[in-house]
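K.L.:
Shown below is the structure under consideration.
The values are calculated or read from the model by the stated rules, or taken from the named source; none is laboratory data. All values reported here derive from a predicted model rather than from experimental measurement. Because the Cβ atoms are built from the backbone with ideal geometry, glycine has one as well, and the counts that use them run over all protein chains shown.
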Amino acid sequence: MQSDPNISSTAKDEDLSVRNSTSSLSSYVPNWMGGDSSPMTMSPWNQTSPFIKSPWTKFEEDTHQNLPQNFLIGSLVREEGHIYSLAATGDLLYTGSDSKNIRVWKNMKEFSAFKSNSGLVKAIIISGEKIFTGHQDGKVRVWKVHPRNPNIHKRAGNLPTFMDVFKCSIKPKNYVEVKRNRTTLWIKHCDAISCLSMSEEHGLLYSASWDRTFKVWRVSDSKCLESVKAHEDAVNSVVTGTDGMVFTGSADGTVKVWRREMVGRVTKHTLVQTLLEQECAVTALALGGSGSVVYCGSSDGLVNFWEREKQLCHGGVLKGHELAILCLAAAGNLVFSGSADKTISVWRRDRTVHTCLSVLSGHNGPVKCLTVEEDKSPAGDQRWVLYSGSLDKSVKVWSVSESAFDLNQMVENQQYKSQNENVKWDSIPEAK
């Protein structure tokens, strides 16, 4: 089994390696317990341990009982492997791990499962009636739900298809060199799939790989339309916009922007811009604000972002983690960053200003994947259901509100309240 550019394939709960990361991977212990951590661990929603309580807990309970909060709903645990991928649709959640099983959960209970020929399911994406899974062996597998029995998932094929591989292999021009003295068909990935992304509007599936390329597939007939040599190292993430723009992030430390064009009947992607060049690896990308903001997570624990309305001008950096960012997700005005420090930071965007609302703690291992769905229960405020998968072999389910009280504002208010109390106390004449 090959090693992940971001995570060791044999990673245990405390065993994590990150390519090009400048962070030291040590045990995560809060400052106020004698360790090093982000100040965001002081969040009133921090659930690291039942015996660890935030200094602000009583203030939050006394003053903000009626405010929307972010909290843990429950955990899904099946001791069979580290969780590497998640996908949600409606009330169903698909989980992929380093076992050969893809499991389906409904209402916090296991609903179904199906098995692939390759372990380490690194990516899952759902489009209509089809489920696409990306694997360590470089293949994208296609699944369909049985029309009369939703518990049954049947494999509908692979990308590329066997027939396309056969036809392509006849012509020598279809072989490309991937390493010295090693060639393969251009329509095949020769290393692990790291990420999948779907352009629903155009019916295109994008697959990114450690082989330094991303490939473009037409969903309707499973044809590989293009293979793009995108980076000098493993491609860790690919995301597609609604306007033909595609973004890729790599272990080579760069984020690139590509424009999709139709040249006759041929799909062609052209490099438009390089947004970021750095020494540490780019580990995750996400589009937020209805596609108006590009977020990039890196192995140094930082999240950079660019504003598309300002011609992809760099908007700033979000600092909330001590260790590598391993995954990103966005929904509404919220952005979620999962890290090797075992926490998830929840950020709210107000135009160009980002505020850390809370830090979700509870995992015992690095947070490897995130996915989010709208909470349609009549709660009165805009809420989201956030799923987080970890190398501790569990998936946690969180309820998150866009109206949650700002952690930093809470602290400032408490300090202001204490200062006012001190002024009042000093103004009282001494009793005689």
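K.L.:
Spot the failing condition for ALA281; the list is (1) under 16 Å from LEU334 (Cα atoms); (2) small (Gly, Ala, Ser); (3) crowded, with 20+ Cβ neighbours inside 10 Å, and only one is missed.
P.N.:
Going through (1) under 16 Å from LEU334 (Cα atoms); (2) small (Gly, Ala, Ser); (3) crowded, with 20+ Cβ neighbours inside 10 Å one by one, ALA281 breaks only (1).
K.L.:
Can I ask one more? Is it the case that region 197-219 has a residue that's in a strand (DSSP E or B), closer than 18 Å to ALA330 by Cα and not aliphatic (A, V, I, L, M)?
P.N.:
Taking every residue of region 197-219 in turn, at least one turns out to be in a strand (DSSP E or B), closer than 18 Å to ALA330 by Cα and not aliphatic (A, V, I, L, M).
K.L.:
Continuing with the same structure: Could you please let me know if ALA230 is aliphatic (A, V, I, L, M), more than 20 Å from LEU120 (Cβ to Cβ) and out of contact with any helix residue (DSSP H, G or I) (no Cβ under 9 Å at 6 or more places or on another chain)?
P.N.:
So ALA230 fits the description; yes.
K.L.:
For GLU177, are the conditions met, namely being surrounded by fewer than 18 Cβ atoms within 10 Å (Cβ to Cβ), under 22 Å from the mean Cα position of the chain (by Cα) and of a type outside the set (A, V, I, L, M)?
P.N.:
no
K.L.:
If you take the residues in region 133-174 that are closer than 30 Å to TRP105 by Cα and of a type in the set (Ser, Thr, Tyr), which one is nearest to the chain's Cα centre (by Cα)?
P.N.:
THR133
K.L.:
Of all residues in region 103-134, count the ones that are on the phi > 0 side of the Ramachandran plot and in contact with a Gly (Cβ under 7 Å, 6 or more places away or on another chain).
P.N.:
Adding up the residues that qualify gives 1.
K.L.:
Still on this structure, please answer the following. If I go through region 241-268 residue by residue, how many of them are outside any loop (DSSP other than H, G, I, E, B), at pLDDT 95 or above and not charged (D, E, K, R)?
P.N.:
So the answer is 9.
K.L.:
Continuing with this model, one more query. Would you say ASN422 is at pLDDT below 95 and farther than 30 Å from LYS109 by Cα?
P.N.:
yes
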